[in-house]
1. The conditions are (1) touching a Leu at 6+ places or on another chain (Cβ under 9 Å); (2) free of Cβ contacts under 8 Å to residues at least 24 places away in the same chain; (3) of a type outside the set (Ser, Thr, Tyr), and Arg318 fails exactly one of them. Which is it?
2. Please count how many residues of the range 250-265 are at positive phi and buried (at least 24 other Cβ atoms within 10 Å of the Cβ).
3. If you scan the range 24-52, which residues turn out to be of a type in the set (Lys, Arg) and at pLDDT 75 or above?
4. Output the number of residues of the range 53-112 satisfying the condition of being without any contact (Cβ under 8 Å) to a residue 60 or more places away in the chain, in contact with a Gly (Cβ under 8 Å, 6 or more places away or on another chain) and farther than 19 Å from Pro134 by Cα.
5. If I filter the range 201-211 for residues that are crowded, with 24+ Cβ neighbours inside 10 Å and in contact (Cβ under 8 Å) with a residue 12 or more places away in the chain, do I get at least one hit?
6. Can you name the residue in the range 303-315 that is crowded, with 16+ Cβ neighbours inside 10 Å and under 24 Å from Ser167 (Cβ atoms) and, of all such residues, is nearest to the chain's Cα centre (by Cα)?
7. Within the range 165-174, identify whether any single residue is without any contact (Cβ under 8 Å) to a residue 40 or more places away in the chain, surrounded by fewer than 15 Cβ atoms within 10 Å (Cβ to Cβ) and either touching a Ser or Thr at 6+ places or on another chain (Cβ under 8 Å) or over 30 Å from Leu204 (Cα atoms) (or both), and answer yes or no.
Amino acid sequence: MSDVARRAGVSPALASLALRHKPGPSPTSRKAVLQAADDLGYRVNTAASLLAKNRSHLIGVALDLSQSFHVEAVDHVYRVAEAAGYNVLLSAVTSSRPLDRATESLIEGSCEGILIVGMHSVPESLLGSPTRMPVAVLGHAEWTGSFDVVRTAGDLGVRSAVDHLVSLGHTRIAHVDGGDNSGAEERRRGYVEGMREHALGDLLHIQRGGNDEEDGLRAGRELLERAPATTAVICYNDSCAVGMIQAAEQAGLTVPEGMSIIGYDNSPVGRTSYLGLTTVAQDTRRLTEISVQRLIEGIENPARPHTETVLPPRLITRSTTGPARPGPAAITRGAADPRLP
């Protein structure tokens, strides 16, 4: 700023007003300052200006960029945060970079609050911090009253999927779950409750799955070996469902004639006309809006009580579900034991 002011022949204070497009400088002085800034390649450092006022107006977001739900949420995070006068700093969670390391970098980046997307826990380092940095979780973390949680009722979503399949005549319905991932336990519970509500508790089959297509493919192959009479599968998420579809097709089953498959999240891949995946949709836009708003409220008013907000899901039926096949004879891969383990 001093270099720009010296080159333009004005005071640093006048140069600052001109660069921030504030009233005060004459047209001649403003033009000289802007020309000097252009000549020197100077840009206003918004972060430095905010830190000078003891505020960064910066929200940190920890997320897994390999998950489509997380990526979709980021677009809405930027929109809501910027409308409220905040900037956004992202920190990725990867197989070699755990959540606590991702949040540490956000703290080091002078964030005023942290939004954790799609995780089921909050690092102890955040909860035990003497500064009690505001934290909001967009996902299925257990709500303890120490941070805000905004999530979808995953159990209701899977139960609606069971209802849909039963209405199509399916009884041999399996669940490829998400293992230890966020929301997996709640979705498993919804599957069990839904099956029991339809008096199908003795036909329960839960196959360990995971987050991605490879998990779905592996789980699908194992499921078709162990429970070949299965006619429908509800998967942990859409990526897992894509892998399950591959496993079914490799086994000689067409979708949905030979097997109906349902995903979760209504991701871009599931929405493609080519796949046409029946799925349980979360209102990603609204979930993100609420979680960012809660976080900003916590930053502006640290004494505000923390809340848990649960939104309803919505089943979207497309082309991967249809009437149940007649029976095990329709399976082209060979003899099948109709009993589920």
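The values are calculated or read from the model by the stated rules, or taken from the named source; none is laboratory data. In this text, all values refer to a predicted model and were calculated from it rather than measured experimentally. Don't worry about glycine lacking a Cβ; one is built from the backbone with ideal geometry, like all the others, and counts go over all protein chains shown.
1. (2)
2. First, the residues of the range 250-265 that are at positive phi: 252, 265.
So of that shortlist, the ones also buried (at least 24 other Cβ atoms within 10 Å of the Cβ) come out as 265.
Total satisfying the criteria: 1.
3. Our first condition is that a residue be of a type in the set (Lys, Arg); within the range 24-52, this holds for 30-31, 43.
Within the range 24-52, Arg30, Lys31 qualify.
4. Number of matching residues: 2.
5. As a first pass, look at the range 201-211 and keep what is crowded, with 24+ Cβ neighbours inside 10 Å: 209.
Then keep just the ones that are in contact (Cβ under 8 Å) with a residue 12 or more places away in the chain; that gives 209.
Scanning the range 201-211 turns up at least one residue that is crowded, with 24+ Cβ neighbours inside 10 Å and in contact (Cβ under 8 Å) with a residue 12 or more places away in the chain.
6. Pro313
7. Within the range 165-174, the subset without any contact (Cβ under 8 Å) to a residue 40 or more places away in the chain is 166-167.
If we keep only those that are surrounded by fewer than 15 Cβ atoms within 10 Å (Cβ to Cβ) too, we end up with 167.
The next check asks that each one be either touching a Ser or Thr at 6+ places or on another chain (Cβ under 8 Å) or over 30 Å from Leu204 (Cα atoms) (or both); those that pass are none.
Looking through the range 165-174, none of the residues is without any contact (Cβ under 8 Å) to a residue 40 or more places away in the chain, surrounded by fewer than 15 Cβ atoms within 10 Å (Cβ to Cβ) and either touching a Ser or Thr at 6+ places or on another chain (Cβ under 8 Å) or over 30 Å from Leu204 (Cα atoms) (or both).
Conditions tested, residue by residue: (1) not assigned by TED's automatic domain parsing to the domain that holds Val122; (2) not in a helix (DSSP H, G or I).
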{"position": "Gly145", "(1), (2)": "no, yes"}
{"position": "Val149", "(1), (2)": "no, yes"}
{"position": "Val162", "(1), (2)": "yes, no"}
{"position": "His175", "(1), (2)": "yes, yes"}
{"position": "Gly179", "(1), (2)": "yes, yes"}
{"position": "Ser182", "(1), (2)": "yes, yes"}
{"position": "Glu185", "(1), (2)": "yes, no"}
{"position": "Gly190", "(1), (2)": "yes, no"}
{"position": "Glu193", "(1), (2)": "yes, no"}
